[in-house]
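Okay, so here's the structure we're looking at.
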Amino acid sequence: MQLYTNPASPFCRKVEIVLIETGQRADVTDVASIGHPTDSAGMPTAINPIGKIPVLAREDGPALFDSRVICRFLNDRADADLIPANAWDIQTLEAIGDGICDAAVLMVYEGRSRPEDKQHSPWVEGQWAKIARSLDALESGWMSHLAGPLNIGQIAVACALSYLDFRHGDRDWRAGHTELANWHAAFSERSSMQDTAPQT
Ligand code: BEZ
């Protein structure tokens, strides 16, 4: 199988971590992909019309996307337990992590795609407000889920927090989120996290 991926993308990192944690890394070859909403020339548009990564190309079926679908496929393929049946809370935790990534990536795209005088700071701050609310919700209501056995929600949140460090370090997400920051520091010790640190 081939994974269309980019080492800066937190969504691709989720998939890379699932590959490592479920013992399937050797089954997949990475295909470097680069692009953004106004330039999809380097994206696998022939197999994902949406023009986003990650995409998993298989020998025996259509290409799979997005990261949630790929992670579920890989979890089932390895008979792993990262997404326990009917664990709606864990899937909601994943949605919070992915939502933080959506907002954080959009902030980056705004900076990259528009000239400085055309950037709309209320829109950028609106994206950050989604992230700030999510950080508060994680700190106040989700620490017990983050403490349990490894699951897809933890992986998504870890990728999101690391992406905030990578692209939005000046925002200091740790302020007022001490438990979350401590959890992230401990989770980041996993070798799957160390092996997939984001790169420009
Ligand atoms: C980034 O450079 O931050 C990035 C690259 C690919 C996908 C998402 C984000």
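The values are calculated or read from the model by the stated rules, or taken from the named source; none is laboratory data. Keep in mind the model is a prediction, meaning the values are calculated, not measured. Note: ideal-geometry Cβ built from the backbone for every residue, glycine included; neighbour counts use all protein chains shown.
Would you tally the residues in the range 156-199 being basic (K, R), in contact with a helix residue (DSSP H, G or I) (Cβ under 6 Å, 6 or more places away or on another chain) and touching a residue at least 40 places away in the same chain (Cβ under 8 Å)? So the count comes out to 1.
Would you say V157 is within 22 Å of T196 (Cα to Cα), within 15 Å of the ligand (Cβ to nearest atom) and β-branched (V, I, T)? No; evaluated as a whole, the condition is false for this residue. Does V108 qualify as being β-branched (V, I, T) and within 13 Å of P10 (Cα to Cα)? Yes. Among residues of the range 128-155 that are basic (K, R) and in a helix (DSSP H, G or I), those with a Cβ under 9 angstrom from a residue that is surrounded by 13 or more Cβ atoms within 10 Å (Cβ to Cβ) and modelled with pLDDT of 95 or more, sequence gap 6+ or separate chain, pair up as K130/G99; K130/I100; K130/D102; K130/A103.
Filtering A26, A8, A85, A32 for residues that are hydrophobic (A, V, I, L, M, F, W, C) and at pLDDT below 95 leaves a single hit, A85. Quick check on my filter: what residues within the range 52-101 are of a type in the set (D, E, K, R), assigned to a helix (DSSP H, G or I) and surrounded by fewer than 16 Cβ atoms within 10 Å (Cβ to Cβ)? Passing the criteria: D76, R77, D89. Within the range 18-60, the set of residues being of a type in the set (S, T, N, Q), more than 17 Å from the chain's Cα centre (by Cα) and within 14 Å of the ligand (Cβ to nearest atom) comprises T38, S40, N48.
If only residues of the range 1-17 that are more than 19 Å from L161 (Cα to Cα) and aliphatic (A, V, I, L, M) are counted, the one that is nearest to the ligand (Cβ to nearest atom) is L3.
Within the range 68-109, the set of residues being within 16 Å of the ligand (Cβ to nearest atom) and of a type in the set (V, I, T) comprises I70, I100, V105, V108.
If you check G23 against the conditions, is it surrounded by fewer than 13 Cβ atoms within 10 Å (Cβ to Cβ), of a type outside the set (V, I, T), assigned to a loop (DSSP other than H, G, I, E, B) and on the phi > 0 side of the Ramachandran plot? When the stated conditions are applied, G23 passes them.
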